[in-house]
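Novice: Pasting a structure below so you can have a look.
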Amino acid sequence: MTEFAPVPDFALGPDIPKSGYVVTDLGGDAYFVTQGMINTMFLVTKKGVVLVDASPFLADKLLAAIEEVTPKPVTHLIYSHAHADHIGAAHLLNREGLKIISHEITGEFIKQAKHDDRRPMPTETFSGRRKEMDIDGVRFVLDYTGDWHQAGNLFIHLREQKILAAMDSFAPKSAPFFRLYFSAHVPAYFDAMDQMLEYDFETIVTGHMALPGTPEDVATNREYIRDLRTAASEALRTVDMKQAAAAAKVAENNKQAEIKVWMDAVVARAAELMPSWDKRLGGTDIFLADNLNAVAWSVFID
Ligand SMILES: [Zn+2]
């Protein structure tokens, strides 16, 4: 069995009770919901509830969490992006009159996922960079600034509440999952950290784990991924493909194996070059190689 470091205290969220979820009041009638591994937010307006995403990991817990706060119905559902782990329980909320809002690209992805009827089509989409909406007296700004996670992914900004939702951007106090959250375009992922810090917010909801974050957490993630890039760049400069292949005894005509062992060697070297982060982020031992693989390939080909 692979041994991992215990989760550091600073990265642990609240204990999850028997109900399976925790609701946290973010102020301004906004609430954060988590079941430990996945999270989202909703906002209560005069008339109803505006919900961001509907994860199958939360599913019925989401409705219980909302009922804990208000008897009002969910009137609006905003899809942050098309991935099923975030919106694959939307069918549970779907009813006559529910407005589902997303970028048009997200609608296209859902249309393509014909096998999946858990993600109803959005009722309202927008193209381009920005949509501003007034929902029952609350201002929502939806921004599409680049494919930092998946084409069509949104920043959802609540100006007055000083809340930003950026699902699958990072997790406060933890290293990025896998290959930088399977970012569709790694340079855009780097840009996204700068873009997030341009918003006026105090709280950020990022879709995974049990904690909401702050601008400082965004800056910390940015510093971490910049360290990944520095280490990967240095390893790419110093690890030689032919030498790596010879060291791994790869047959000379096996070009696929050659490039595989080379990148593995680049990642291993970059991991040695990385400064220690385990006092600042949880999970670095779990995802370091995946993170570095994504960054190294991006430095090499983007
Ligand atoms: Zn996603």
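The values are calculated or read from the model by the stated rules, or taken from the named source; none is laboratory data. Keep in mind that what you see is a predicted model, and the values were worked out from it rather than measured. Note: ideal-geometry Cβ built from the backbone for every residue, glycine included; neighbour counts use all protein chains shown. Please note that ligands, DNA and RNA were not included when accessible areas were found on the heavy atoms of the full protein model with its side chains. Shrake-Rupley method; radii C 1.70, N 1.55, O 1.52, S 1.80 Å.
Novice: Which of the residues belonging to region 198-222 are touching a helix residue (DSSP H, G or I) at 6+ places or on another chain (Cβ under 9 Å), part of a helix (DSSP H, G or I) and open to solvent by 40 Å² or more (accessible area, probe 1.4 Å)?
Specialist: P215, R222
Novice: Continuing with this model, one more query. For region 263-293, give me each residue that is out of contact with any helix residue (DSSP H, G or I) (no Cβ under 6 Å at 6 or more places or on another chain), part of a helix (DSSP H, G or I) and in contact (Cβ under 8 Å) with a residue 60 or more places away in the chain.
Specialist: T284, D285, I286, F287, D290
Novice: Shifting gears a bit: Confirm whether A188 is closer than 26 Å to H83 by Cβ, under 12 Å from the mean Cα position of the chain (by Cα) and assigned by TED's automatic domain parsing to the domain that holds H86.
Specialist: Against the criterion (closer than 26 Å to H83 by Cβ, under 12 Å from the mean Cα position of the chain (by Cα) and assigned by TED's automatic domain parsing to the domain that holds H86), A188 does not qualify.
Novice: So is A171 under 13 Å from the mean Cα position of the chain (by Cα), away from the ligand (no atom under 12 Å from the Cβ) and either within 15 Å of G283 (Cβ to Cβ) or in the same structural domain as M274 (by TED's automatic domain parsing) (or both) or not?
Specialist: Yes; evaluated as a whole, the condition is true for this residue.
Novice: Okay, next question. Can you find, within region 208-225, the residue that is farthest from F177 (Cα to Cα) among those that are in contact with a strand residue (DSSP E or B) (Cβ under 6 Å, 6 or more places away or on another chain) and among the small types (G, A, S)?
Specialist: Initially, region 208-225 is screened for residues in contact with a strand residue (DSSP E or B) (Cβ under 6 Å, 6 or more places away or on another chain), giving 208-210, 212-213.
Add one more test, that the residue is among the small types (G, A, S), and what stays is 210, 213.
Details: A210: 14, G213: 16 Å.
Among them, the one singled out is G213.
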